[in-house]
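Below is one structure, written out as structure tokens; comments come after it.
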Amino acid sequence: MANIVSPLPGIFYRKPGPGKPPFANEGDTIEVGQTVGIVEIMKQFTEIQSDVAGVLESFAVNEGDMVNPGDTIIVVREG
Amino acid sequence: MKRLLIANRGEIAVRIARTAREMGIETLVVASEPDADSLAARSADHVVVVGPAPAPASYLNQDAIIAAALDNGCDAVHPGYGFLSENAEFARKVVEAGLTWVGPDAGAIEMMGNKSMARDSARKAGVPVLRGSDGPLDPEADALALARDIGYPLVVKASAGGGGRGIRFVHDEGELLATIEMARGEAASVFGDPTVYLERFVKHARHVEVQVLGDGKNFIHLGDRDCSMQRRSQKVIEEAPAPDLPDAVRQTIRESSVELARECGYSGAGTVEFLYDPANHEAAFIEMNTRIQVEHPVTEVVTGVDLVREQLLIASTGSMSVRQEDIEFNGHAIECRINAEDPHNNFFPSPGVISVLEWFEGDGVRIDAGVEAGSTVSPYYDSMLAKLIVHKDTREAAIEGALEALYGTRIEGVKTTIPVLKKLLDRLEFSAVKHHSKFIETVDNLMEPK
């Protein structure tokens, strides 16, 4: 298992905007560099990209949760 | 007006509460959970927590805010700027609930919120506009022929955009049709309205604006401001009056802004924004903001008029207290926006706890702050902490005074934009008024020592 961590503090979102589909779901195959979420801080939005390839196992935080730098956002089964 | 609900946070909530108190109006500020003990909350007579931290659940929660007003005996709502201040639906709901809305009516907000309708009414009122499609671009129209008349480069703008959002640049004819297509798609998904219009692009434009007041019967201006020092379309330094503006241009924008207010029977404070092309000495309409602006203090200190007081008078009595002939302009004012961002790290936001905060005190220095020592700067809201306003006899003295005040200000615990404000005020381009609204983006080594 590998963790995708947030590089910055802010609020985690799984979707690019209200009413839009999530960037990724549990069970999806994801690639290195793929956008898996957004962290918003003071109205600035930063895309979170995966640094591993594999299958998205689970989300460690919920939509709208506060994250700190180094917090795990997503757990990935490598392969 | 006996008890006013302030539907905002930070420095503008503190600012509104101050004038309301001077007028003998009780205040109630709404707050999100983490803001329950903020400086704004403590500046008002009462505070009501309307929801959790995310703005959609609190400061944008229309029903919770109206319920807070009704449950607590408020008779009026001041929306400040941002959040719900230009939301016509909210203005309408406030009035339908039997409360007084401190601002222009929903119809005026709606018209000015639609950028192509606003441009059209401006044109009809005699406000200079940029060459463009004069209203929404008809999807059936010959866009290529229209664009040839306007000239390249040009911009495609979303009718529902504004504030620097929903704008696409077109260098030449080859890019036009694809860009229009893309802009329509983007506008539909971002703003829920695919309408776009075309406008000539001005290189190195300055941003000037006119403060207006109307009470439905009388319409006046309180002079102009220049807000050309911007970063990514967000204002950084503002001043009044606008420097280095030909008399004829100044007169045209002031008088035509009053005409625009008259045309829509405007009631409240508003700002008509212009793009100024210094190469051709031409000003052209951008948009009208139907609320109090962040930079209103520079106008207040050079005119001596309290704009929030006028807003509250217009809303409560139907009349403003000043006439055009009462308005006099004295000296020059500069406002610096102090944001919790790190200018040494690409303006990265810097939330945290303010451990030390010491403001500079001196003649002609005004601080409009939303924080104090011990305040927590939340990641949930925008990064502006305070505005430092300096009023002196001349522009040179105001620049000097602003520098002195910034050097005498200490904020610790979060990174702030004070270092970049010092650099900008010290630039020759700024003192010579050779800066423009993309100036900051064009300087590579702004933060390096000279």
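Tabulated values for the structure
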quantity: Residue count for region B:323-352, restricted to those that are of a type in the set (Asp, Glu), away from chain A (no Cβ under 14 Å) and within 28 Å of residue B:233 (Cβ to Cβ); calculated: 1
quantity: Members of region B:386-395 that are surrounded by 16 or more Cβ atoms within 10 Å (Cβ to Cβ) and over 17 Å from residue B:18 (Cβ atoms); calculated: B:390, B:391, B:392, B:395
quantity: Selected residue [out of contact with any Gly (no Cβ under 8 Å at 6 or more places or on another chain), loosely packed, with under 15 Cβ neighbours inside 10 Å and touching a residue at least 24 places away in the same chain (Cβ under 8 Å)] from A:31, A:57, A:26; calculated: A:26
quantity: Matching option when the condition is touching a strand residue (DSSP E or B) at 6+ places or on another chain (Cβ under 6 Å), surrounded by 20 or more Cβ atoms within 10 Å (Cβ to Cβ) and not acidic (Asp, Glu), among B:398, B:373; calculated: B:398
quantity: In region B:353-365, residue farthest from the other protein chains (Cβ to nearest Cβ) [restricted to those that are buried (at least 17 other Cβ atoms within 10 Å of the Cβ) and not in a loop (DSSP other than H, G, I, E, B)]; calculated: B:365
quantity: Meets criteria (in contact with a helix residue (DSSP H, G or I) (Cβ under 7 Å, 6 or more places away or on another chain) and outside any helix (DSSP H, G or I)) for residue B:429; calculated: no
quantity: Single residue of region A:17-41 satisfying the filter (in contact with a Phe, Trp or Tyr (Cβ under 7 Å, 6 or more places away or on another chain) and within 11 Å of chain B (Cβ to nearest Cβ)) that is farthest from residue A:74 (Cα to Cα); calculated: A:40
quantity: Residue B:159 being of a type in the set (Ser, Thr, Tyr) and part of a helix (DSSP H, G or I); calculated: no
quantity: Complete set of residues in region B:313-323 that are crowded, with 22+ Cβ neighbours inside 10 Å and not in a loop (DSSP other than H, G, I, E, B); calculated: B:314
quantity: Criterion violated by residue B:217 - all others in (1) more than 14 Å from chain A (Cβ to nearest Cβ); (2) more than 25 Å from residue B:267 (Cα to Cα); (3) exposed (fewer than 15 other Cβ atoms within 10 Å of the Cβ) satisfied; calculated: (2)
quantity: So residue B:411, is it under 29 Å from residue A:66 (Cβ atoms) and among the β-branched types (Val, Ile, Thr); calculated: yes
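A short reminder: the numbers here are calculations on the coordinates, not readings from a lab. Quick caveat, the model's predicted, so the values are computed rather than measured. Methodologically, a virtual Cβ is constructed for each residue, glycine included, from the backbone with ideal geometry; neighbour enumeration extends over all protein chains shown.
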